[in-house]
Amino acid sequence: YILMEYLDGSSLADYLTEAMAGKRAKFTIVQTMELARQIASVMARAHEVGIVHRDLKPDNLFVVKDASLPDGTRAKVLDFGLAKFLDSPERRTAAGLALGTPMYMSPEQCYGADKLDGQSDVYSLGAVFYEVFSGQPPFLGEPGKVMRKHVSEPHTPIKTRVPNIGDAVAGLLDEMLHKDPTKRPTMTEVEARITK
């Protein structure tokens, strides 16, 4: 058998669906940034030991109550099923095969890059929180078209969709969604910039 922690809460995907339907309060900007910080913290530790998630999306992020935190909410990262171990000599997937969920995939995932690192997760986390803030992911459409957009089209700046978002938050989010992985912050930098 497998022993796992019992989580009493809901996926971020379900939370967002209920919030859009008016069944639940939407996250404030402060709450959203705290959830992003928590997820960045988890993923920074994973990246330090050579693990890339490769499928960060609202369905794989879970929100639970936690009275020990100021706003009473904690994020959990689930389903490392597509995770890649960077230091493993064993090939876990075929080269050139795009794996992930198109709406949240990094450009390098979309074109089937052979070598993915933590910068791919940074992009995916940016896409997730773009949706949390604005109500929709950076790109919509049928999967193939969405993947092409991730590779070649600029996203609408978050400040255009959410004018009341702060400049620092908007700048960080737009950097996380940069097409060039070398121009994105690392997950550790994301965590540090949110903590400030």
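The values are calculated or read from the model by the stated rules, or taken from the named source; none is laboratory data. Quick caveat: nothing in here was measured; it's all calculated off a predicted structure. Cβ coordinates were reconstructed from backbone atoms using ideal geometry, including for glycine residues, and neighbour counts include every protein chain displayed. The accessibility values were calculated without ligands, DNA or RNA, using every heavy atom of the protein model including side chains. Shrake-Rupley method; radii C 1.70, N 1.55, O 1.52, S 1.80 Å.
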Checklist outcome for this item: Averaged per residue, the 1.4 Å probe accessible area of region 117-159, protein heavy atoms only, in Å², is roughly 37
Next on the checklist: With a cap of 16 neighbouring Cβ atoms within 10 Å, and only residues DSSP puts in a loop, list the chymotrypsin sites (Phe, Trp or Tyr not before Pro) found in region 1-51.
Outcome noted: Tyr1, Tyr6
Next on the checklist: From the helices alone, meaning DSSP H stretches of at least four residues, give me the mean residue ellipticity at 222 nm for the chain, per-run term -39500 (n - 2.57), in deg cm²/dmol to the nearest 500.
Outcome noted: -12500 deg cm²/dmol
Checklist entry - Heavy-atom accessible area of Arg37 with all protein chains present, probe 1.4 Å, nearest 10 Å²? => result 60
Checklist entry - Given Phe62, Thr160, Ala170, which one lies farthest toward the positive end of the charge dipole of the chain, if we put +1 on the Cβ of every Lys and Arg and -1 on the Cβ of every Asp and Glu? => result Thr160
Item to check | Alpha-carbon Rg with Dmax, taken over the chain, Å | outcome: 16.2, 50
Checklist entry - Each residue of region 149-160 in turn: what ³J(HN,Hα) in whole Hz from Karplus with 6.51, -1.76, 1.60 and θ = phi - 60°, glycine and Pro shown as x? => result 5, 4, 6, 10, 10, x, 7, 5, x, 4, 5, 5
Checklist entry - Can you list the HN-Hα couplings for region 129-136, worked out from phi with the Karplus curve (6.51, -1.76, 1.60; θ = phi - 60°), rounded to whole Hz and with x for Gly and Pro? => result 6, 4, 5, 4, 6, 9, x, 8
Checklist outcome for this item: Quick calc, Ala192 & Thr17: beta-carbon distance into FRET formula, R0 30 Å, rounding 0.05, result 0.45
Checklist entry - What FRET efficiency do you get for Asp167 and Glu5 if R0 is 41 Å and r is their Cβ-Cβ distance, rounded to the nearest 0.05? => result 0.60
